[in-house]
Amino acid sequence: MPADSGIAEAASVLRTGGLVAFPTETVYGLGANALDARAVARIFEAKARPSFDPLITHLAEAAELEKLVGTVPAAVAALAERFWPGPVTLIVDRPAVIPPIVTSGLETMAVRVPDHDAARALIAAAGVPVAAPSANRFGQLSPTRAEHVVRGLGPAVDVVLDGGPTRCGIESTIVDARGDRPVVLRLGALPVEALEEAVGPVAVRPGSSGQPVAPGTLAAHYAPRTPLRVVSGAEPAAGDDVRRGFLAFRDRPAGDWAAVEVLSAAGDLTEAAARLFDALHRLDGTGVAEIVVEPVPDVGVGRAINDRLRRAAATWQ
Ligand code: TXA
Ligand code: MG
């Protein structure tokens with residue numbers, strides 16, 4: 001359904017325990033009523049997601065946070081105030097009304113307010129917090145278009161709201177700001193530099209925890225079905241009979257590639273992030289035997305892009 005005219009019906013599907021895929025500014029989410037453990041269980045089934053991988057709870061307004069969880073640490077409140085609505089997920093204590101399945105039994109909960117009108121209208125109309133992981137099967141490419149959701153999850157979803165391609169194209173930055181110094185648990189659409197400008201130095205520890213506290217930080221994740229390899233710079237096509245695709249940052253590679261995607265001819269990292277998963281979905285659909293990728297400059301949102309590329313490649317090692 002179109003994201004604007006479908007809101008009321010999608011909200012009623014959420015209220016009655018159904019699954020609604022919806023656009024956010026980052027990627028499409030697969031939403032269920034976060035207060036309804038049975039509805040949330042359907043998310044894990046639809047995604048074939050391991051039960052140890054906690055979900056992000058989405059709110060319509062920053063003001064809903066303290067209504068849901070009570071008072072939060074000052075640094076968490078400051079980040080919410082500064083960056084919501086927006087692509088930052090914050091860690092708070094799980095309130096008793098949120099069933100443990102949402103947080104995979106953790107006593108903490110990840111929460112954010114998406115910067116997308118349809119997403120916020122949907123959550124507001126449903127009148128409940130919405131638990132939503134990215135709307136893809138576990139470990140696979142995140143969806144940045146409604147078609148990606150339909151192709152990946154199909155009939156497991158009750159409604160897909162189509163809001164066109166997502167603006168950021170890469171998931172939210174996850175920050176635990178409960179301690180002395182904020183810790184980035186997952187690199188994402190909000191660059192570390194922007195966080196530091198607002199709150200001073202932060203630690204970056206994606207995947208440092210032995211526990212899979214943020215499986216978006218598992219070594220192997222975000223993978224296309226086609227084997228993917230990261231090379232250190234543009235390399236010429238191998239010249240053998242294997243059909244390979246190349247994912248370039250700004251310049252078309254030399255040589256005879258079966259398929260080429262350029263993330264940003266202007267060399268703009270924000271544009272590259274927005275196109276990353278879309279380009280990988282397209283290369284995946286060309287039937288090439290291998291996708292070769294060059295990393296992007298490792299600054300700003302480029303760090304999150306490189307993080308996703310490394311994890312996609314790790315699946316094939
Ligand atoms: O941009 C996004 O964050 C998208 C949109 C739909 O909002 N959502 C998303 O969800 O990327 P998902 O499920 O694909 O990734 C959520 C990540 C997982 O890596 C999960 O482990 C982590 O958040 N997470 C959830 N609860 C957590 C918690 N209490 N502590 C640490 N990490 C948590
Ligand atoms: Mg995901």
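Computed from the coordinates by the stated procedures, all read-outs in this text should not be read as laboratory data. These numbers come from a predicted model, not from an experiment. Cβ: placed from backbone, ideal geometry, glycine included. Neighbour counts: every protein chain shown.
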Handout entry: Amide H contacts under 5 Å for Asp93, placed H, 5+ residues apart
Key = Met109
Fill in the blank from the handout: When the chain is treated as a Gaussian network with springs between alpha carbons less than 10 Å apart, the largest mean-square fluctuation among Val111, Val149, Val13 is found at Val13
Problem - Stokes-Einstein diffusion coefficient of segment 1-118, Kirkwood radius over Cα pairs, 37 °C, 0.692 mPa s, in µm²/s - result: 222 µm²/s
Exercise for the section: Sticking with the crude label model, points 7 Å out along Cα→Cβ, report the distance from Ser51 to Glu81 in nm, one decimal please. Expected result: 4.1 nm
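For a footprinting-style exposure proxy, rank Ser12, Ser172, Ser5 by other Cβ within 10 Å, fewest first. Mind showing how you got there, number by number?
Numbers: Ser12 14, Ser172 28, Ser5 9.
So the residues, fewest neighbours to most, are Ser5, Ser12, Ser172.
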Exercise for the section: For the chain, with a Gaussian network of springs between Cα atoms less than 10 Å apart, report the residue from Val242, Val293, Val20 with the top mean-square fluctuation. Expected result: Val242
Practice task
Between Ala124 and Thr286, with labels modelled 7 Å along Cα→Cβ, what's the label distance in nm to one decimal, could you check?
Solution key: 4.3 nm
Problem - Relative contact order (%) - criterion: Cα under 8 Å, at least six apart; region: the chain - result: 19 percent
Practice task
Against the globular-protein guess of 2.2 N^0.38 Å, express the Cα radius of gyration of the chain as a ratio, rounded to two decimals.
Solution key: 0.97
Handout entry: Under the Karplus curve 6.51 cos²θ - 1.76 cosθ + 1.60, θ = phi - 60°, whole-Hz ³J(HN,Hα) for segment 81-96, x wherever Gly or Pro sits
Key = 4, 7, 10, 9, x, x, x, 10, 9, 10, 9, 9, 6, 6, x, 4
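Kirkwood hydrodynamic radius for segment 240-293: how many Å is it when counted over pairs of different Cα atoms? Spell out each step's value before the answer.
Numbers: mean 1/r = 0.0890 Å⁻¹.
For segment 240-293, the Kirkwood estimate is 11.2 Å.
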Problem - Within segment 140-168, backbone nitrogen closer than 18 Å to the virtual label 7 Å beyond the Cα of Glu271 toward Cβ - result: 165-168
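Can you figure out the FRET efficiency of Asp251 with Ala219, using R₀ = 30 Å and their beta-carbon distance, to the nearest 0.05? Don't skip to the answer; put the middle values down first.
Values: r = 29 Å, r/R0 = 0.97.
According to the calculation, E is roughly 0.55.
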Exercise for the section: Starting from the amide H of Ala223, placed 1.01 Å from N in the peptide plane, find each other amide H under 5 Å away whose residue is 5 or more places distant or on another chain. Expected result: Gln140, Leu141
Handout entry: Among beta bridges that DSSP assigns inside the chain, antiparallel share in %, nearest 5
Key = 40 percent
Fill in the blank from the handout: Quick calc: nm separation of the 7 Å Cα→Cβ label points for Val299 and Lys67 -> 4.2 nm
Exercise for the section: Mind sorting Tyr222, Tyr28 by how few other Cβ atoms lie within 10 Å of their own Cβ, fewest first? Expected result: Tyr222, Tyr28
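Sort Asp36, Asp240 by Cβ crowding within 10 Å, fewest neighbours at the top.
Numbers: Asp36 20, Asp240 7.
Taking fewest neighbouring Cβ atoms as first place, the list is Asp240, Asp36.
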